[in-house]
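Everything on this sheet refers to the single structure shown next.
No value in this document is a laboratory result; all are computed from the given coordinates. Just so it is clear, the model here is predicted, and its values are computed rather than measured. Here the Cβ positions follow ideal geometry from the backbone for every residue, glycine too, while neighbour counts run over all protein chains shown.
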Amino acid sequence: MKELLIGNAALARGLYEAGCAVISSYPGTPSTEITEEFAKFSDAYCEWAPNEKVAMETAFGASLRGKRSVCCMKHVGLNVAADPLFTMSYTGVNAGMVICVADDPGMHSSQNEQDSRHYAVAAKVPMLEPADSQEALDFAKIAFELSEQFDTPVFIKMCTRVAHSQSIVEKGERIEVTREYVKNPQKYIMAPANAIKRHPLVEERTQKLTAYAETSPLNRIEEGNGSYDFGIITSSTSYQYVKEVFGDSVSVLKLGMVNPLPVQLIKDFAAKVGTVYVIEELDPIIETHCKINGVKVIGKEKFSLLGEFSQKTIAQAFDLPAKESVGTDTAVPVRPPMMCAGCPHRGMYYVLAKNKITVLGDIGCYTLGSMPPLNALDMTLCMGASVSGLHGYNKAGGTDTENKTVCVIGDSTFMHSGVTGLINIAYNQSNSTVIILDNSITGMTGHQQNPTTGYNIKGDPAGKVNLEALCYSIGINSVRVVDPYNLEECEKVLKEELAKNEPSVIISRRPCVLLKYVKPKKPLSVNPDKCRGCKRCMKFGCPAISFREGHAVVDNTLCIGCGVCAGLCPFDAFEKEGE
Amino acid sequence: MASKNIMIVGVGGQGSLLASKLLGRLLVDEGYDVKVSEVHGMSQRGGSVVTYVKFGDKVYSPVIEEGEADFIVSFEKLEAARYIRNLKKDGTVIVNTQQIDPMPVIIGSTAYPAGILDEITAKGVQVDAIDALSLASEAGSAKACNIVLMGRLAKYFDIPYEKWESAIEKIVKPAFIEINKKAFALGYNN
């Protein structure tokens, strides 16, 4: 049956049909749905791991045992998993293993724009790159076959547009694959004496994979009708933009395998078409390969290193006429993302901003605390960096910073890589105050369970990390729990913990308001006779409160009745409906 | 046929994903090649969101660029203005007259532009404005704005009404089918 699926769902389907038996991932936009969709299949094991390194090693263990396995992550997650990756290239696999990594050119939901293809080149691991949902499904199956044929993990690289665009796919049937585990220390124990013998095999493998790339159907030439005297080498979503602009009028070498790249195929294509353009988002991986192999191409001098492309980018580069359009003369105010009405993070941020605290931040919904009017954050780097960064900041700042600096980190991010930083604070004793914003879910990526929630990916009861007990056990002696809707309590505890001369943790605990079990209360309204237009409530930055005609108004479609604003108003102007 | 392009724009949380799901289901059932491109993740948190729906004999690029949209369906007034450049010269804007203040307006650093729809209309753009929030409430849920607007969009298509209804039945949870059908009818008939 023909079905419209996002690339990630199609990829999940392909992995399933290929017999993937174990999948372990950490959520991250734009990769999350691969694992979420896979979790819907009942006859394969699926889990959220605490971080990408754990996920990749779990998948490796499953492959070693003889089952086809997968781990999925976003581009920055691959940094976390880079350690096992580089040595798995040496060990190879037993049953097939696939690593799905999703890049985010344009940074729709990421802190950088790194190009994951560099990892494939550096780790000498093959990488396939689908251009639509059907290819995502098909490439999953090919990736497992290559993994077993060439004894290597195989990457499937997605990007935001392929991951989150729906196109039509045809589904197939699932196969089962099992390989026997045979003890083989020379292959699987990567101590120097063994590893030194594996390295030449890796180089040989790359030679063999290059030979495969020359004739593989993954890389194909689409002959143009001769309207243009040039050809284009491209891959992934850029291929779609090229076809949108040129249709069948130009010859295209469409690469489905981006590492290792073919040599002769590219030389033959270039000889046939004359001038060659390379069109690839982000870094010049294909372009550099062409140039190293003596093929003259035009690439990044014409196409940006930055952001996403589109048909417009390509039309402009070839000086094709722009489409007619209409603009407005009035400037349209920006509409940035923000924390939801009733978000528990807002209360803690309000207290931090009010007390002019320096706040080292982390990755999640709560990064939005950096936006006006709260402007509550000073730094955001990567998963876990708030905690370790705070330790260094206070070691450098000493008494100048210790009593007016905190870090904030979500429950899921704390599990991912915050706990190691906290161990460092306890071990090397910095006078630091760590705030864990525990909203009982992984929020930003769309509500995934994590080790602190007590549920697994299927929503079934699971092991549950007790944050307070964890903090005590690693040597933090002062651990406080506050309700971020209670601003007075938050402020009191914050001041007390900052004043202490020892490491401390404040757990700011209230579940995300978007969770199904959190029932919204009746929305509030503003009594216009009481409101004096002082705008104190506007400093809270709740999207449900606006200022119209001299006083505050509440949007009852957004308000969830948390009532925190009512406590801020000196004139008791916020009222519950019907009271 | 050349591909037809529909942009669905609005504010994160307004239900644009369900609207694009409805269109996707309908257009696949009609036998078209279809691509739908969505935004997930950070932009969904109350930010400006955009979904592209393209259909035809063969669709390549999943995105809609400047001057390419046959229709812009906007769930909020300001968002219609934000993406107006994407409209084809003879395209149509279907817009919910609801106003949702963005954060710069909430904190008073800028004003919500008055008369923004009049300005667009004055430029010769065909603007079909509709109070979808009231109609959705009439149907039984303020959240059904998305389907009210799909009902209005349906008027511009030659696809039979029953096909739209059957697509609603396929994508909406059973408990909400009646409300959504009512919302669709109110958008279609008002």
Pop out the ³J(HN,Hα) list for segment B:78-95 in order, Karplus 6.51 cos²θ - 1.76 cosθ + 1.60 with θ = phi - 60°, rounded to Hz; leave Gly and Pro as x. 4, 5, 4, 5, 4, 10, 4, 4, 7, 6, 5, 4, 9, x, 10, 10, 9, 9
Per DSSP H run of n ≥ 4, the term is -39500 (n - 2.57); total these for chain A, divide by its residue number, and report the mean residue ellipticity at 222 nm rounded to 500 deg cm²/dmol. -10000 deg cm²/dmol
Return the FRET efficiency for the residue pair residue B:4, residue A:317: r is the Cβ-Cβ distance, R0 is 22 Å, and the value is rounded to the nearest 0.05. 0.25
Mean residue ellipticity (222 nm) of chain B, computed from DSSP H runs ≥ 4 via -39,500 (n - 2.57), nearest 500: -11000 deg cm²/dmol
Normalised convex hull volume, segment B:128-187, alpha-carbon set, Å³ per residue: 64
For segment A:277-344 and segment A:63-130, write down the distance between their C-alpha centroids in whole Å. 24
Separation of alpha-carbon centers, segment A:359-407 and segment A:1-16, rounded to whole Å: 40
Taking only complete DSSP H runs, can you tell me which helices of chain A stretch 30 Å or more along their own long axis by Cα positions and average at least -1.0 on the Kyte-Doolittle scale? A:192-215
Charges on Cβ only, +1 for Lys and Arg, -1 for Asp and Glu, centred on the Cα centroid of the protein assembly as shown; of B:153, A:467, A:97, which one is farthest towards the dipole's positive end? A:467
Farthest toward positive dipole pole in segment A:344-509 [+1 Lys/Arg, -1 Asp/Glu at C-beta], among A:363, A:504, A:422: A:363
Mind listing the Cα extents of segment A:35-139 along all three principal axes, in Å, largest one first? 38, 32, 28
For chain B, one quarter of the surface area of the C-alpha convex hull, expressed in nm², comes to 10.8
Treating each Cα of chain A as an identical point scatterer and ignoring solvent, apply the Debye formula and state log10 I(q)/I(0) at q = 0.09, 0.10 Å⁻¹. -0.80, -0.95
Under a point-charge model restricted to the Cβ atoms of Lys and Arg (+1) and Asp and Glu (-1), what is the dipole moment magnitude of the protein assembly as shown relative to its Cα centre, in debye to the nearest 20? 1080
Order these peptides, A:326-335, A:511-520, by their mean beta-carbon neighbour count within 10 angstrom, highest first. A:326-335, A:511-520
Mean other chain Cβ within 10 Å across B:102-112 is 6
Quick query: amide H of residue B:128 versus all other amide H atoms, modeled in the peptide plane; which residues come in under 5 Å with a sequence gap of 5 or more or a different chain? B:93, B:94, B:95
Please report, for the Cα atoms of segment A:219-317, the Rg to one decimal and the Dmax as a whole number; what are they, in angstrom? 12.1, 31
Under a 5 Å amide H to amide H cut-off, with H placed in plane at 1.01 Å, what residues pair with residue A:553 once short-range neighbours are removed? A:546, A:547, A:548
Under the Karplus relation with 6.51, -1.76 and 1.60 and θ = phi - 60°, whole-Hz ³J(HN,Hα) for segment A:102-107, x at Gly and Pro, equal 10, 7, 10, x, x, 6
For the charge dipole of chain B, defined by +1 on Lys and Arg C-beta atoms and -1 on Asp and Glu C-beta atoms about the Cα centroid, which residue among B:87, B:5, B:15 has the Cα displaced farthest towards the positive pole? B:15
Give the distance, in whole Å, between the Cα centre of segment B:75-118 and the Cα centre of segment B:174-190. 25
Go through segment A:462-473 residue by residue and turn each phi into a ³J(HN,Hα) via Karplus (6.51, -1.76, 1.60, θ = phi - 60°); whole Hz please, and just put x for glycine and proline. 9, x, 9, 6, 8, 4, 4, 5, 4, 4, 4, 5
Can you give the alpha-carbon Rg of segment A:344-509 over 2.2 N^0.38 Å, where N counts its residues? 0.96
In nm, give the distance between the simple-model label positions of residue A:42 and residue A:271, each being 7 Å from the Cα along the Cα-to-Cβ direction. 5.8
Under the rule of at least 5 residues apart or a separate chain, name every residue whose amide H is placed under 5 Å from the amide H of residue B:34. A:168
Name the lysines eligible as straight-distance cross-link partners of residue A:535: C-alpha to C-alpha under 18 Å, and not fewer than 8 places from it in the same chain. A:354
Could you check how many percent of all C-alpha pairs in segment A:466-529 are farther apart than 13 Å? 71
Suppose R0 equals 35 Å. What FRET efficiency, 1/(1 + (r/R0)^6) with r the Cβ-Cβ distance, do residue A:355 and residue A:82 give to the nearest 0.05? 0.35
Assign unit charges at the C-beta atoms only (+1 for Lys and Arg, -1 for Asp and Glu), then state the dipole size of segment A:127-198 relative to its Cα centre in Debye, rounded to the nearest 20. 480
